[in-house]
Structures are given as structure tokens and as C-alpha cells.
Amino acid sequence: MWQPSNFSYAHHFYIKSARLGQKRVLNVSTGYDVIVIGAGSGGSVAAYNFAKKGFKVLLIDRSSRDRIGEKACGEAVGKHHFENLGIRPPAGDEVAGQVLGIDIFSPDLATVLRVKGEGLEGYTLNRLVFGQRLLNDAVGMGCELLDQTVVTEPMVHNDSVVGVRCRRTGKTKMQEISSRIVVDSSGVSAVTRGWLLSVQGARERILDEDMEICYVEIRRTKHIEDPSYLQIYLDQSISPGGYHWFFPKGRNIVNVGLGVQMSKGFPNPRANFEKYVLSRDILKDSTKMRGAGGLVPTRRPLCSLVANGLLLVGDSACMPNPIHGGGIGPSMIAGKLAAEVGSRALESNSVCSEDLWDYNAEYMHAYGAKAAGLDIFRIFLQKCTNEHLNYGLANRLIQEEDILKASMGEELRLSIGETAQRVFRGISHLSFLRALRKMACEMNRIRALYRAYPQPRELSSWADDVDNIISRAKSMKL
Ligand SMILES: Cc1cc2nc3c(=O)[nH]c(=O)nc-3n(C[C@H](O)[C@H](O)[C@H](O)COP(=O)(O)OP(=O)(O)OC[C@H]3O[C@@H](n4cnc5c(N)ncnc54)[C@H](O)[C@@H]3O)c2cc1C
């Protein structure tokens with residue numbers, strides 16, 4: 001096992017600069033090999049894997065230890081993530097229900113696509129219990145945990161992240177803690193992302209329209225007929241640019257919520273939830289156990305996930321699946337890869353962005369390329385009217401197998417059936433059919449681009465190519 005004995009922490013002692021302004025500095029702690037900001041799914045997996053390699057890891061979270069893992073979430077996760085990552089699958093109290101697939105309902109409720117297959121099997125979780133297990137695994141592997149502590153910004157010296165500034169929750173005294181590597185897995189707070197994007201030239205912006213704002217409740221309800229299928233309802237008037245969901249947690253408890261795209265003038269998701277979702281028959285006489293709001297980034301991952309001494313993991317790097325917002329799996333993939341690449345960099349005593357670059361390429365291969373393809377699909381779907389969705393689903397323009405393939409990251413060759421072609425030929429929806437085909441081509445194009453992830457010096461022209469595809473998708477007329 002590698003020991004960090006020959007490494008000097010001296011250069012990490014931060015020279016207090018004018019940037020500190022009026023803040024009081026409590027002390028400067030001696031360093032860790034790794035500081036992980038946020039002990040959610042991404043951070044706990046990253047911390048566990050760094051500690052497993054023998055590094056000295058500090059995990060910092062703003063929540064109290066017993067609340068870490070609790071968050072507004074649909075609580076659904078695919079089985080394949082655990083198989084692929086070698087992480088113990090959820091068991092016992094972590095699991096609320098087994099999932100075999102997803103039913104997707106058209107806005108007029110006339111069509112239901114049942115998508116099932118190995119890639120869609122999974123679990124509905126008891127999120128807190130699951131989160132606590134990931135945290136306990138990390139602590140059990142030797143990570144130190146500093147809970148109830150808010151990281152406010154990265155400590156930066158000579159263009160490198162060399163630690164974090166933080167304070168106890170509810171207090172103002174600042175503390176500085178140094179480390180050789182910082183992993184930012186602070187979720188949508190994305191504590192270091194502003195700094196990362198600025199050193200990359202501030203060309204990439206996270207747009208509101210690429211975020212979903214959601215409201216979710218856990219409710220006790222009457223008997224759920226078929227609890228092994230998640231239900232997704234598309235309706236641009238109720239959940240514009242998003243969907244509402246009904247995810248059974250066994251036969252009598254359901255995770256039910258609604259998300260809308262944060263585009264100009266978006267409606268309040270809670271108001272629409274209460275007005276349109278709670279009135280559904282299955283929820284009549286149901287009782288609320290708890291409710292919360294939350295944000296999900298639903299776009300391709302950041303073009304680069306690294307800077308000197310810094311790796312971004314999970315929602316802070318916009319990693320959730322752009323179509324359904326599932327981000328537990330991608331955050332765990334990223335946590336594991338970040339620890340693998342970061343450990344190699346620590347072992348070679350050099351943690352600049354070039355030394356961490358393999359994390360970019362490995363993540364884009366593992367999940368980023370698929371997410372970029374699905375981002376194009378998301379942009380297309382958000383343009384669809386209810387009429388498009390009703391026609392498209394009723395005529396099987398997109399079939400169950402297409403959705404399954406796209407969700408697994410395979411090339412999307414739309415299996416548009418003969419009947420559908422006949423229905424649409426010569427009528428006003430022909431342009432919709434053309435746009436659907438064009439969208440499938442753009443999906444394949446952007447995926448190929450992400451698979452050919454560039455070397456550092458080619459990043460800028462590669463990002464231009466990404467931007468061009470995204471602009472074409474955004475300006476596509478249906
Ligand atoms: C309503 C909703 C429904 C969702 N449904 C699903 C679903 O069904 N399936 C799925 O896979 N994904 C779902 N997601 C997305 C999923 O929850 C996230 O993608 C996933 O949790 C990301 O993990 P993470 O580790 O990046 O961040 P998080 O799990 O959000 O963890 C971030 C951690 O950082 C801590 N933190 C934040 N800021 C600071 C700070 N400044 N200092 C210290 N600590 C900090 C937080 O306390 C938290 O513990 C949903 C999200 C929402 C909002």
C-alpha cells in the first residue's frame with residue numbers, strides 16, 4: 001500500500017490573501033491527501049475508494065451524521081450500477097421495492113409504453129438508509145467525517161486547489177483545511193464549479209433551462225396493483241419540459257412527484273403537484289408522510305471535470321441522466337473513477353489537471369457519451385407538444401426497444417414502423433417525423449464525439465463541436 005510519507009504539505013499552508021476579506025480564520029489544519037466535499041452517493045463512493053488505497057481522506061458534509069443520505073429523490077436506482085461497479089447491492093431495509101421496468105403514459109393516457117429489460121431492473125430505495133450505508137462503508141474504510149460543516153469555497157494557490165474553507169453549520173468562524181486533492185461532490189450546491197469554469201475560460205454556462213425543479217412526497221396509499229413498474233406521465237401542460245412520476249415502494253407506500261423544466265415562466269411544481277397529481281384516484285385517501293423540493297441538472301456532463309488538484313463528481317458536474325434525472329448511478333460511477341485516477345496521480349506526486357485528465361476520458365466513456373446523446377433526446381422531447389407526444393406514442397414512432405436501447409447508451413436507429421410511416425406520410429406531422437430522424441442522427445453524432453474525448457490542448461475545439469451540435473438541436477423545428 002502506498003504511503004504518503006515523502007510528500008511535503010508545506011506548500012499547502014495557505015498564505016492569507018486579500019480574498020479572505022473580513023472573514024475570521026479559525027485555524028489552518030494540516031493536510032489530508034483528499035478532501036471530499038459532500039457525503040452523498042458520489043462523495044461516499046469516492047471517499048471509500050481513496051481510503052481503500054490507503055490515503056488519508058476527510059469527508060465533509062453540512063448535514064448531521066444521522067441525516068446524511070436524506071434528500072428529495074425519486075429513490076429509484078438500476079441494478080446494473082451495482083453489478084458494474086462491484087458495490088454491494090441494496091439489501092434489507094435499504095430496499096423498499098423491486099423494479100422490473102417503467103410504464104410511460106402519453107398525455108391523453110391512451111397509450112402506455114411498457115419498457116422493461118435487464119438494464120431497467122432495479123430498486124426503489126429507502127434513501128436515508130441507503131445513504132447511511134454508503135457513508136458507513138466509507139467511514140469503515142478509514143475516512144474521517146466532519147459533519148455539520150459547510151464548505152464555502154476552495155482554497156486556491158497558484159491556480160491549484162489546495163484545500164477548502166469551511167465553517168460549522170450556523171457559525172461564522174472560518175476554518176481552512178488543506179489537502180492534495182479536493183473532490184467536489186456537493187451536489188447541486190457545486191461549491192467549486194464556479195472556480196472550475198472560470199479557470200477553463202468561463203465558456204461553459206449552466207443554464208436554468210437545463211435544470212428541472214421538482215416537488216416530491218412519500219405517501220401512504222391504498223393497495224397498489226403492480227408495484228414492480230415505475231410510472232412516468234408525460235404532459236406538457238401539467239409538467240412542462242418534465243414529467244410526473246408514481247414510483248411504488250411496495251404495495252402501500254409511493255414516492256410521487258412532479259418536475260418541470262426551469263425555462264422562462266415555469267410553473268410552481270408543488271402547486272401543479274397538488275392540483276393535478278394529488279387528485280388522481282389512486283392517491284385519494286392517501287396520507288402524506290413527508291415532502292420536499294429539489295433541483296436536478298438534466299444536461300450533458302461538464303466538458304471537463306478536472307482542474308489542478310480538483311475533481312468534480314455527481315450533480316456538481318451535471319451527471320444525472322438528462323431524460324429521467326436519475327443521478328445516483330452516474331454519481332457512483334464517477335466517484336469510483338475519480339478515486340482510481342486521483343489515486344494514481346497522488347502516487348505519482350503530481351495532481352495537476354493533466355494528471356487527472358484520464359478521469360474525463362474514462363467518465364465520458366463509461367457514462368458521459370450516453371448522457372450527451374440523451375441530452376439531445378431531452379432537448380427534442382422538451383419541444384414536443386402534447387399532440388406530438390400523443391401521436392408519437394400512439395403510432396409507436398418511438399418504440400419500447402428504441403427507448404431501452406437509448407437508455408443503455410446504444411446507437412439509436414429508430415425502428416419507425418411501416419404503419420407509422422403510412423400514418424404520417426403526406427400529413428402535417430411529416431416535419432415531426434423528419435425532426436425525429438434528425439434528432440437520432442445528432443444523438444449518434446454527439447455520442448461519437450464524447451467517445452473520442454480530446455487531450456487537454458484540443459479541449460476548446462472539441463467543446464466548440466459539442467456546442468454546435470447542441471445549438472442545432474436547440475434550434476430544431478418540429
Ligand atoms: C426530486 C428529485 C428526484 C430524483 N430522483 C432520482 C431517482 O429516482 N433516481 C436517481 O438515481 N436519482 C434521482 N435524483 C437525482 C439524485 O438524487 C442525484 O443525482 C444524486 O443524489 C447525486 O448524488 P451526489 O453525490 O452528486 O449529490 P447528493 O446526493 O445531492 O449529495 C451532496 C451532499 O453534499 C452535501 N453538501 C452540499 N453542499 C455542501 C457544502 N457546501 N458543504 C458541505 N456539504 C455539502 C449535502 O448535504 C449532501 O450530503 C433525483 C433528484 C431530485 C431532486
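FYI, it's all coordinate maths here, none of it is from the lab. Predicted model, so just to flag it, every value in this text is computed and none were measured. With ideal geometry, Cβ positions are generated from the backbone for all residues, glycine too; neighbour counts draw on all protein chains shown.
From least to most packed, judged by other beta carbons within 10 angstrom and beginning with the fewest, Val151, Val139 follow the order Val139, Val151. By the rule of a C-alpha distance below 17 Å, with chain neighbours fewer than 8 residues away ignored, the lysines paired with Lys56 are Lys336. Coupling constants for the range 36-52 follow from the phi torsions by the Karplus curve (6.51 cos²θ - 1.76 cosθ + 1.60, θ = phi - 60°), and in residue order they are 10, 8, x, 9, x, 4, x, x, 5, 5, 4, 4, 4, 6, 5, 5, 4 Hz; glycine and proline get x. Pick out, from Ser198, Tyr123, Leu58, the residue whose Cα sits farthest towards the positive end of the charge dipole of the chain, with +1 on the Cβ of Lys and Arg and -1 on the Cβ of Asp and Glu. Looking along the dipole axis, the top candidate is Ser198. Summarising the amide proton neighbourhood of Val95: residues at separation of 5 or more, or on other chains, whose placed amide H is nearer than 5 Å comprise Asn126. Placing +1 on the Cβ of every Lys and Arg and -1 on the Cβ of every Asp and Glu, with nothing else charged, gives the chain a dipole about its Cα centre of roughly 960 debye. By the beta-carbon count within 10 Å of each Cβ, the least crowded to most crowded order of Asp375, Asp147, fewest first, is Asp147, Asp375. Modelled this way, with points 7 Å down the Cα-to-C-beta line, the labels at Arg437 and Val112 are 3.3 nm from one another.
Ordering Ser186, Gly74, Val150 by the projection of their Cα atoms onto the charge dipole of the chain, which places +1 on the Cβ of Lys and Arg and -1 on the Cβ of Asp and Glu, puts Val150 at the extreme positive end. Full extension of the chain between Ser461 and Thr152 yields a length gain of 108.0 nm, computed as 0.36 nm times the residue separation minus the alpha carbon distance. Of Lys249/Lys284; Lys71/Lys171; Lys222/Lys288; Lys264/Lys438, which pairs sit farther than 19 Å apart, going by alpha carbon to alpha carbon? Pairs exceeding 19 Å: Lys71/Lys171; Lys264/Lys438. Remark: Lys264, Lys474 ranked as Lys264, Lys474, counting other beta-carbon atoms within 10 Å and listing the fewest first.
Normalised radius of gyration (Cα atoms, divided by 2.2 N^0.38 Å) for the chain: 0.99.
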